[in-house]
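What follows is a single structure, written as C-alpha cells, with notes after it.
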C-alpha cells in the first residue's frame, strides 16, 4: 500500500505499518525517497509519524510468551540454512526472491 493510496482513499483511522510501492520508479527506490502528495494530506488534516518499533518495550514479554508456549514465531522463518550458505541467502533476500522472507542461519 502506498502512502498516497491511504491519503486518497482510506478512512481517517487507517494506520500504515509498512510502505511498499511496487510501481515506484527504480531510481526513487534506490534513493529511499517516498513521494507523498502533501497538499492532499494537509487538506484532509491527516498526521504522519515515523520511528522505529520500541523493541525494548516488548522483547521480554514476547520471550516469556515463547518460553511458556503461548507464542510460536517460527512460522515467520522461510528458510533454515547453514552459515556457509549466508552469502547466497543474503543475495536471494536482497533480490526479493519470492518466498525468501526470513532466513535463520546456524553454524
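Worth pointing out:
- For the pair residue 85 and residue 35, label points projected 7 Å from Cα toward Cβ lie 3.9 nm apart.
- Gyration tensor verdict on region 33-107 (Cα atoms; rounded if a/c is under 1.5, prolate if a/b is larger than b/c, oblate otherwise): oblate
- Stretched out straight at 0.36 nm per residue, the stretch from residue 66 to residue 44 would grow longer than its current Cα-Cα span by 3.7 nm.
Taken together, the values in this text are just the output of simple stated rules run on the coordinates, not laboratory data. Here the structure is a predicted model, which is why all the values come from computation and not from measurement. Note: ideal-geometry Cβ built from the backbone for every residue, glycine included; neighbour counts use all protein chains shown.
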